[in-house]
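**Q** Can you keep this structure in mind? I'll have questions shortly.
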Amino acid sequence: MAAATPTAGSNEGLRDLGGTCAVSKNDQCDPRVTVASASQPRWVHALNNALEANKADMHSRFVQLATITHFSFAGQETTDISENISPQGLLRPRVRWVVFRGFLNENTTTFKVITDSRSEKIKEILQNPYGEISWYFIQTREQFRLAGRCQLVTADELDPVLAVARQDQWAALSDNARKQFSWPAPGLKQDSDGISEDTRKALYNPPPVPGTSPPPETFVLLLFHPFSVDHLQLRPNPQVRTVHERVQWSINKQPDGMEIRGEGVDESDAWAARRVNP
Ligand SMILES: Cc1cc2nc3c(=O)[nH]c(=O)nc-3n(C[C@H](O)[C@H](O)[C@H](O)COP(=O)(O)O)c2cc1C
């Protein structure tokens, strides 16, 4: 799927946030550890500030999403790609650009991305939903690395709130962005496929599909639920690096114990932040 245009001027996710200071053992408020629960976590505040400060640069909506896959060679899963490496059972990362489409709603830390059900990342996420998003804001010189879990909202979605979120996202797209979901399946071989260039042009310029129509099966709303955010600020001297973690995650260290729900998925979750060396 080619780059889709980000929702112009979207200020979704811009919120007034605040954190409460964690109380340390000696009842002193420790400025290095902050827990936000009732309101949004501090990193959301930092991210929204970065989005605002970098909004003139449309690239600020492009993020890199990494997922995990099995080793394959020439499209075949393999256990022997060289004499010296036997990657049997090994996994490898895959990374690609996607467009950040804002937060699922104003009470959540869940991100929205759109993608095609026929793309490779779908298979990867079905096998292993954990991924990482990397984001660099050029103007403010900040990196955000978010580790999280991907959730696919497809045509078969049973949760009515998520099904509506998928429909709404479809309706919010431009005609050109919607057209991409009628294109031929991504990744299929074009060499010697017998399709003339004129026909190919027509295949990639299908009639417009209105936003009021139901989204096609190919349209997937990908939700990313972060559980750890590593925020690096290059501008200050010395640089400042803050790691934010969902408290539930930090305590349990048990990703599958995390409950992934629909609307307001992270509503009641607390986050702890700590400064680390850059
Ligand atoms: C700037 C940019 C933005 C992109 N945005 C998206 C996107 O929002 N969703 C998407 O599925 N692919 C997007 N793509 C295409 C992906 O990077 C990738 O090529 C495609 O999704 C196939 O990836 P896969 O084979 O890993 O599934 C974008 C590419 C670029 C260069």
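**Q** For the modelled label position 7 Å from the Cα of W97 along Cα-to-Cβ, which residues of region 104-142 have backbone nitrogen atoms closer than 11 Å?
**A** Those under the cut-off are none; the list is empty.
**Q** Tell me, what is the FRET efficiency for Y204 and N237 to the nearest 0.05, using R0 = 41 angstrom and their Cβ-Cβ distance as r?
**A** E(calc), rounded to 0.05, equals 0.25.
**Q** How much of Y130 can a 1.4 Å solvent probe reach, expressed as accessible area in Å² and rounded to 10?
**A** Accessible area of Y130: about 50 Å².
**Q** What are the residues whose amide H is under 5 Å from the amide H of F219, where those residues sit 5 or more places off or on another chain and H is modelled from the backbone?
**A** S117
**Q** Now for a different question. What do you reckon, how do I122, I138 stack up by accessible area (1.4 Å probe), largest on top?
**A** On the way: I122 15, I138 95 Å².
Ranking I122, I138 by accessible area, largest first, yields I138, I122.
**Q** Could you estimate the translational diffusion coefficient of region 131-185 from the Stokes-Einstein equation, with Rh from the Kirkwood formula over C-alpha pairs, at 37 °C and 0.692 mPa s, in whole µm²/s?
**A** Estimated via Stokes-Einstein, D reaches 231 µm²/s.
**Q** Tell me the accessible surface of E197 in square angstrom (1.4 angstrom probe, heavy atoms of protein chains only), to the nearest ten.
**A** Approximately 120 Å² for this residue.
**Q** With a 1.4 Å probe and all protein chains left in place, how much of the accessible area of region 110-157 comes from carbon and sulfur atoms, in whole percent?
**A** The computed percentage sits at 44.
**Q** Ordering I114, I195 by accessible area with a probe of 1.4 Å, largest first, what comes out?
**A** I195, I114
**Q** So, one more: Quick one: the Cα spread of region 139-244 along its three principal axes, in angstroms, biggest first?
**A** 58, 38, 23
**Q** Here is a further query. Can you send over the solvent-accessible area of D193, 1.4 Å probe, protein chains only, in Å² to the nearest 10?
**A** 60 Å²
**Q** Further question: Got a sec? What order do K179, K55, K123 fall in by accessible area at 1.4 Å, biggest, i.e. largest, first?
**A** K55, K123, K179
The values are calculated or read from the model by the stated rules, or taken from the named source; none is laboratory data. All values reported here derive from a predicted model rather than from experimental measurement. We place every Cβ from the backbone using ideal geometry, glycine too, and count neighbours over all the protein chains shown. Remember, those area values only see protein heavy atoms, side chains included, never the ligands or the DNA or RNA. Shrake-Rupley method; radii C 1.70, N 1.55, O 1.52, S 1.80 Å.
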